[in-house]
1. Report the trypsin sites (Lys or Arg not before Pro) located in the stretch 1-75 that are in a DSSP loop and have at most 16 other Cβ atoms inside 10 Å of their Cβ, or state none.
2. As a footprinting exposure proxy, order VAL3, VAL137 by other Cβ within 10 Å, with the fewest listed first.
3. Placing +1 on the Cβ of each Lys and Arg and -1 on the Cβ of each Asp and Glu in the stretch 113-219, which of VAL160, ALA134, VAL210 has its Cα farthest towards the positive end of the resulting dipole?
4. Could you work out how far helix 43-63 tilts from the main Cα principal axis of the chain, as a 0 to 90 degree angle to the nearest 10?
5. Tell me whether the stretch 45-123 comes out rounded, prolate or oblate; compute the Cα gyration tensor, take square roots of the eigenvalues as a ≥ b ≥ c, and use a/c under 1.5 as the rounded threshold.
6. Run through the stretch 4-102 and list the GluC sites (Glu not before Pro) located in a DSSP loop whose Cβ has at most 11 other Cβ atoms within 10 Å.
7. With each pseudo-label sitting 7 Å past Cα toward Cβ, what's the GLU44-VAL196 distance in nm, one decimal?
8. Relative to the Cα centre, what is the charge dipole magnitude of the chain, using +1 at the beta carbon of each Lys and Arg, -1 at the beta carbon of each Asp and Glu, and rounding to the nearest 20 debye?
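Read the figures in this text as sums done on the coordinates, not as results from a lab. Remember, it's a predicted structure, so these values are computed and weren't measured experimentally. Because the Cβ atoms are built from the backbone with ideal geometry, glycine has one as well, and the counts that use them run over all protein chains shown.
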Amino acid sequence: MKVKGGSLAAGPDWAISDRRGIQRVFDPADAVEKSRASKLRRGEDVADFLHARWLMRHLIQQRRPQMETPVLQSYDDARPELPRAPDVALSWSKSGPVAAAALSGGGIVGIDIERVIARDTGAVLTMTASGTEAAAVASAGNETAQLAAFYRLWTAKEAVLKCRGEGLRGGAKSVEIPLAFIHGRADTITIHDRGVSLALSVIDAGPDAVCTLAFSAQK
C-alpha cells in the first residue's frame, strides 16, 4: 500500500499510507519538525514521524491545491491547527510505518490507526476500558477475534479523544464505545460524547492495521 484515500458521505476526507511502499525520503517541512525529529534516536522513528506529517500535508494539498506548503501546528493539550486555514479541522496518526490523516472543512475530526500486533491486552484494558467494554473484547471469540475487537475499541477511543482535543490524557475510560462497534457488527455508528454527536467509522487499512475515524459537524 502506498497512499490510498477517500471521503465519507457528508464527512471528512481521509488518507492512509505505508511508508515502506513509498520510494522517497521524508524531510522536515520546517524548523519545528526538524527539532522534534532530532530528538528521536532511531532512524525508523524519525522516518515514521516525518511520514505521518507528510501524509497530512499531502491530503491538504490534494483537497486544497491552492494552498502553499501547509504549516502544521500540533499541541499536547489541544487539537492540531492549520494556521492559514483556521476553518479546517485535521487529525493524523501513526503506528510504526503506517499512518492515517483526516481533513474536514468544518466541525471536528479525529483519526487513529494501529498496527495489529499480538499482545496481552488485559493490562491495557484495565487502564483504558470499562468492565463492559473489557468483557466485550473477551467474549469476541478466538484470540484473533479478541485482538480485532481490542484494536477497534482502542482506535475508537483514541479518535474520540482527539476530537475532544485531549488525547489519552483525557482519560480513555471516559469514552464509551458501543458493543456492536467493538464486535464488528457495525462499522459505522453514532455516539454522544459530552453533548456532541460523533460518527465513528472504520476505515479499511488492510489486514495488518485497524483505523477508526470520528467526526462531527459540531465544534
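1. Details: sites: LYS2, LYS4, ARG19, ARG20, ARG24, LYS34, ARG36, LYS39, ARG41, ARG42, ARG53, ARG57, ARG63; in loops: LYS2, ARG24, LYS39, ARG41, ARG42.
Of the trypsin sites (Lys or Arg not before Pro), the ones in loops of the stretch 1-75 whose Cβ has at most 16 other Cβ atoms within 10 Å are LYS2, ARG24, LYS39, ARG41, ARG42.
2. Working: VAL3 18, VAL137 25.
Ranking VAL3, VAL137 by Cβ neighbours within 10 Å, fewest first, gives VAL3, VAL137.
3. Looking along the dipole axis, the top candidate is VAL160.
4. 80
5. Values: a/c = 2.32, a/b = 1.77, b/c = 1.31.
Note, shape of the stretch 45-123 comes out prolate.
6. Details: sites: GLU33, GLU44, GLU68, GLU81; in loops: GLU68.
Sites meeting the loop and neighbour criteria: GLU68.
7. For GLU44 paired with VAL196, the spin-label model returns 3.4 nm.
8. Details: 28 positive and 25 negative charges, 79 e Å.
With Lys and Arg at +1 and Asp and Glu at -1, about 380 debye.
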